[in-house]
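Asker: Here it is: the structure, laid out below.
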Amino acid sequence: MNNLFVYLEIEDGIVGDVSLELLTKGRTLADQLKCKLEAVAAGYKLDKIGEQVFPFGVDTLYLADDKRLAPYTTLPHTSLLVNLFKEEKPQIAFMGATSIGRDLGPRVSSALFSGLTADCTSLEIGTYEDKKAGKVYDNLLYQIRPAFGGNIVATIVNPDCRPQMATVREGVMKKEIRNAKHVGKTVIMDVAKYVPDTDFVIEVIERHMEKSKLNIKGSPIIVSGGYGVGSADNFKLLFELAATLGAEVGASRAAVDAGFADHERQIGQTGTTVRPKLYIACGISGQIQHIAGMQESAMIIAINNDPKAPINAIADYVITGSIEEVLPKMIKFYKKNSK
Amino acid sequence: MSFKIVVLAKQVPDTRNVGKDAMKADGTVNRAALPAIYNPEDLNALEQALRLKSQVAGATVHVLTMGPARAAEIIRESMYRGADGGYLLSGREFAGSDTLATSYALACAIRKMGKVDVIVCGRQAIDGDTAQVGPQVAEKLGMPQITYAEEILDCTASKITVKRRLERGVEVVSGPIPMVVTVNSSAPECRPRHAKLTLKYKRAATLTEKQDAGADYTDLYTVHPYLTITEWGINDIEHDIKWLGLTGSPTKVKQIENVVFTAKESKRLTANDEEIEDLMKELIANHTIG
């Protein structure tokens, strides 16, 4: 009772990275709260789930194995969680801020009247004082997230309602195995007891899921472009530099909105969070929401026409100049000196 | 056969073009410095609703928004583009609502409308980016939902088929009517204003707006009832006060902080050959690249 739950996202029998990252964070918080870490898997043919998640320190794994639960549809997965949560009364529940977690989370929170905070960038445990009511709450979940287009960071709490729910994007938390040999308890759920037949109203007619071709999150070098790059055509310079250095190309939200780069390349609070060895920011002014997604890069080079661009403050090297001039020179001098 | 489509829309501050004056010195948001706009994905939703209207016999499109009196602007904007009318839900009892209290209020307003067949809304609003209100309205109304919609492919009186755009692929799903559909920004852009409709609805107004204008247009609204934008306050909807506003919001804001990043000591370079070459040599030497 009153444990910390993580909803597992599963595609073709594989638990998604976002869920493993949440388990890693969940394990740390559960230790702090001295409660158990529990995970829920809903889908079909789930016999390989345990071995994937137990190393992350899962104490209890709930398995809802039913052909009708895969692929994901809203209502059955909602009923499963709502009814399980009514029994188990978790204090905290996490889901990925993905198209599944952001479809499921609000529905579950509405049914349980519990607060949900989307897209958290940090999760901590702390106290909260409600001065008006004269009450102090210990061990609440601080759900920390950017708000207002990333211009402010808000700490949200749910003092009275349980579970305290949060979603987190992939790549925001770190993924770390706790103990490769750990094996927790498995509970097989009787799906019919939790999910009424009337929930199966959505028919999935077609489904094409691609493995992402990009690996921005895992790339040691990222060449990233902003609105200042000027055009999709100018972005080709970034691709050239990236190809030369063995890097991946990223983009700011402004560049994606302007159509210079694909959405999946977006770095920042509403895109991917990255921590590469080297981050080359080209024509990026440095809106807070972008900086938050790359500030942990080991080394940052900012290339910008504007010597006062905010991103310069966090850069190790600031090159004042145009992309058209600087990038070809970087390619040239890299090739000249790399042998 | 009537087929009622309701679009949930929100007037939001334009957080995408935040200038330096958008934040006050104390770290709070200077709302006055941000223009109020039609939430972008709600416009994508309006377009899907208008397309649906042209496909389904007897269909009407009405826009529901919750907000202050000026939010009637986006209802008029919708009418200029083809919506039949709208509802403004307004009152200080709704202030301080988180997504759950907002969803409850919207659900109460929708229940008052009678039979509603399809509810369409943007996936999320740019001032909060939560994507919670659509699914929560659906839950409150006991309706199923299809989120992340890119296109409504087909709709009959009993069934709707939708193409969804997800992070890593697409899905085509179908489900029963009534249904809540939330629409992505990858969906087609909303059509522009229609000149004739803009003329026709120029004077469309809520009761508050008519009173504020002071002018005597009584005849105008009697002759042209379509110019009245329905305005509802708390007493117009069946509700339980404890689920509204601050008391109906399980989430509380503990703290708001201005974002401050730790500045580094940067090395400044120009674009001349020598400096770039030195930098590349240094990066190679310390194994950052190569």
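The values are calculated or read from the model by the stated rules, or taken from the named source; none is laboratory data. Values in this document were obtained by computation on a predicted structure and should not be read as measured data. Cβ: placed from backbone, ideal geometry, glycine included. Neighbour counts: every protein chain shown. When the accessible area is computed, the model is the full protein with side chains, heavy atoms only, and any ligands, DNA or RNA have been set aside. Shrake-Rupley method; radii C 1.70, N 1.55, O 1.52, S 1.80 Å.
Asker: Among (1) outside any helix (DSSP H, G or I); (2) of a type in the set (Lys, Arg); (3) surrounded by 15 or more Cβ atoms within 10 Å (Cβ to Cβ), which single condition is B:Arg191 missing?
Answerer: Unmet for B:Arg191, out of (1) outside any helix (DSSP H, G or I); (2) of a type in the set (Lys, Arg); (3) surrounded by 15 or more Cβ atoms within 10 Å (Cβ to Cβ): (3).
Asker: So B:Ala101 fits all but one of (1) within 8 Å of another protein chain (Cβ to nearest Cβ); (2) of a type in the set (A, V, I, L, M); (3) out of contact with any Lys or Arg (no Cβ under 8 Å at 6 or more places or on another chain); what number is the exception?
Answerer: Every listed condition holds for B:Ala101 apart from (1).
Asker: Take region B:244-290 and flag every residue that is more than 8 Å from chain A (Cβ to nearest Cβ), among the hydrophobic types (A, V, I, L, M, F, W, C), open to solvent by 40 Å² or more (accessible area, probe 1.4 Å) and under 30 Å from B:Gln132 (Cβ atoms).
Answerer: Of everything in region B:244-290, those that are more than 8 Å from chain A (Cβ to nearest Cβ), among the hydrophobic types (A, V, I, L, M, F, W, C), open to solvent by 40 Å² or more (accessible area, probe 1.4 Å) and under 30 Å from B:Gln132 (Cβ atoms) turn out to be B:Leu246, B:Val260.
Asker: Right, something else. Hey, A:Ala192 hits all of (1) assigned by TED's automatic domain parsing to the domain that holds A:Cys120; (2) touching a residue at least 40 places away in the same chain (Cβ under 8 Å) but one; which does it fall short on?
Answerer: The one condition A:Ala192 does not meet is (2).
Asker: Against the condition within 21 Å of B:Met143 (Cα to Cα), assigned to a loop (DSSP other than H, G, I, E, B) and touching a residue at least 60 places away in the same chain (Cβ under 8 Å), how does A:Pro71 come out, does it pass? Full working, then the answer.
Answerer: On the way: within 21 Å of B:Met143 (Cα to Cα): yes; assigned to a loop (DSSP other than H, G, I, E, B): yes; touching a residue at least 60 places away in the same chain (Cβ under 8 Å): yes.
Yes.
Asker: Still on this model: Does B:Leu227 count as touching a helix residue (DSSP H, G or I) at 6+ places or on another chain (Cβ under 6 Å), open to solvent by less than 80 Å² (accessible area, probe 1.4 Å) and without any contact (Cβ under 8 Å) to a residue 40 or more places away in the chain? Please lay out each step first, then the result.
Answerer: Working: touching a helix residue (DSSP H, G or I) at 6+ places or on another chain (Cβ under 6 Å): yes; open to solvent by less than 80 Å² (accessible area, probe 1.4 Å): yes; without any contact (Cβ under 8 Å) to a residue 40 or more places away in the chain: yes.
The answer is yes for B:Leu227.
Asker: Does A:Ile100 count as open to solvent by 20 Å² or more (accessible area, probe 1.4 Å), within 11 Å of chain B (Cβ to nearest Cβ) and within 20 Å of the chain's Cα centre (by Cα)?
Answerer: Numbers: open to solvent by 20 Å² or more (accessible area, probe 1.4 Å): yes; within 11 Å of chain B (Cβ to nearest Cβ): yes; within 20 Å of the chain's Cα centre (by Cα): yes.
Here the answer is yes, as A:Ile100 does meet what is asked.
Asker: Residue by residue through region A:221-237, note down the ones that are within 13 Å of chain B (Cβ to nearest Cβ) and open to solvent by 90 Å² or more (accessible area, probe 1.4 Å).
Answerer: Matches in region A:221-237: A:Tyr227 only.
Asker: Suppose the filter is outside any loop (DSSP other than H, G, I, E, B) and more than 9 Å from chain B (Cβ to nearest Cβ); does A:Gly218 pass it?
Answerer: no
Asker: Hey, another quick one. One residue is enough: does region A:148-155 have a residue meeting the conditions open to solvent by 10 Å² or more (accessible area, probe 1.4 Å) and under 18 Å from the mean Cα position of the chain (by Cα)?
Answerer: yes
Asker: Hey, another quick one. Regarding A:Val183, is this residue under 30 Å from B:Gly96 (Cα atoms) and either open to solvent by 20 Å² or more (accessible area, probe 1.4 Å) or not small (Gly, Ala, Ser) (or both)?
Answerer: On the way: under 30 Å from B:Gly96 (Cα atoms): no; either open to solvent by 20 Å² or more (accessible area, probe 1.4 Å) or not small (Gly, Ala, Ser) (or both): yes.
The answer is no for A:Val183.
Asker: State whether one or more residues within region A:162-175 are open to solvent by 20 Å² or more (accessible area, probe 1.4 Å) and free of Cβ contacts under 8 Å to residues at least 24 places away in the same chain.
Answerer: no
Asker: Moving to a separate point now. Does A:Asp59 fit the bill of being open to solvent by 10 Å² or more (accessible area, probe 1.4 Å), among the acidic types (Asp, Glu) and under 24 Å from the mean Cα position of the chain (by Cα)?
Answerer: Details: open to solvent by 10 Å² or more (accessible area, probe 1.4 Å): yes; among the acidic types (Asp, Glu): yes; under 24 Å from the mean Cα position of the chain (by Cα): yes.
Against the criterion (open to solvent by 10 Å² or more (accessible area, probe 1.4 Å), among the acidic types (Asp, Glu) and under 24 Å from the mean Cα position of the chain (by Cα)), A:Asp59 qualifies.
Asker: I want to confirm something. Restricting to region A:198-220 and keeping residues that are touching a helix residue (DSSP H, G or I) at 6+ places or on another chain (Cβ under 9 Å) and open to solvent by 80 Å² or more (accessible area, probe 1.4 Å), which single residue is farthest from A:Glu11 (Cα to Cα)?
Answerer: Checking each candidate, the answer is A:Thr198.
Asker: Could you figure out which of (1) within 11 Å of another protein chain (Cβ to nearest Cβ); (2) open to solvent by 70 Å² or more (accessible area, probe 1.4 Å) isn't true of B:Val172?
Answerer: (2)
Asker: Tell me whether region B:133-155 contains one or more residues that are among the aliphatic types (A, V, I, L, M), surrounded by 24 or more Cβ atoms within 10 Å (Cβ to Cβ) and either modelled with pLDDT under 95 or under 15 Å from B:Trp232 (Cα atoms) (or both).
Answerer: So far as region B:133-155 goes, no, none of its residues is among the aliphatic types (A, V, I, L, M), surrounded by 24 or more Cβ atoms within 10 Å (Cβ to Cβ) and either modelled with pLDDT under 95 or under 15 Å from B:Trp232 (Cα atoms) (or both).
Asker: Give me the pairs: first residue in region B:234-263 and farther than 24 Å from A:Leu140 by Cβ, second residue part of a strand (DSSP E or B), beta-carbon distance under 8 Å, and six or more apart or on different chains, which are they?
Answerer: Note: pairs meeting the criteria are B:Ile237/B:Leu89.
Asker: Separate question: Out of the residues in region A:124-147 that are open to solvent by 40 Å² or more (accessible area, probe 1.4 Å) and touching a helix residue (DSSP H, G or I) at 6+ places or on another chain (Cβ under 9 Å), state the one that is nearest to the other protein chains (Cβ to nearest Cβ).
Answerer: A:Glu124
Asker: Show the residue pairs meeting these rules: Cβ distance below 7 Å; 6+ apart or different chains; first residue within region B:123-138 and facing chain A (nearest Cβ under 8 Å) and within 14 Å of A:Leu116 (Cα to Cα); second residue assigned to a helix (DSSP H, G or I) and open to solvent by 20 Å² or more (accessible area, probe 1.4 Å).
Answerer: B:Thr130/B:Thr99; B:Gln132/B:Thr99; B:Val133/B:Thr99; B:Val133/B:Thr102; B:Gln136/B:Thr99
Asker: Which strands (runs of 3 or more DSSP E) sit wholly inside region A:81-192 and have at least 3 residues that are touching a strand residue (DSSP E or B) at 6+ places or on another chain (Cβ under 9 Å) and of a type in the set (Asp, Glu)? First the steps, then the outcome.
Answerer: Numbers: elements: A:92-96, A:122-130, A:135-147, A:152-157, A:164-168, A:185-188.
In region A:81-192, A:122-130 are the strands (runs of 3 or more DSSP E) which contain 3 or more residues that are touching a strand residue (DSSP E or B) at 6+ places or on another chain (Cβ under 9 Å) and of a type in the set (Asp, Glu).
Asker: Could you grab me the full set of residues in region A:280-336 that are small (Gly, Ala, Ser) and farther than 17 Å from A:Ala254 by Cα? First the steps, then the outcome.
Answerer: Residues of region A:280-336 that are small (Gly, Ala, Ser), as a first pass: A:281, A:283, A:285-286, A:292-293, A:297-298, A:302, A:309, A:313, A:315, A:321-322.
Residues satisfying the conditions are A:Ser297, A:Ala298, A:Ala313, A:Ala315, A:Gly321, A:Ser322.
Asker: Of the conditions (1) small (Gly, Ala, Ser); (2) farther than 14 Å from A:His182 by Cβ; (3) surrounded by fewer than 24 Cβ atoms within 10 Å (Cβ to Cβ), A:Gly50 satisfies every one except a single condition; which number is it?
Answerer: Single failed check for A:Gly50: (2).
Asker: When A:Gly16 is evaluated against the numbered criteria (1) in contact (Cβ under 8 Å) with a residue 40 or more places away in the chain; (2) of a type in the set (Gly, Ala, Ser); (3) in contact with a Phe, Trp or Tyr (Cβ under 9 Å, 6 or more places away or on another chain), which criterion, by number, is the only one it fails?
Answerer: (3)
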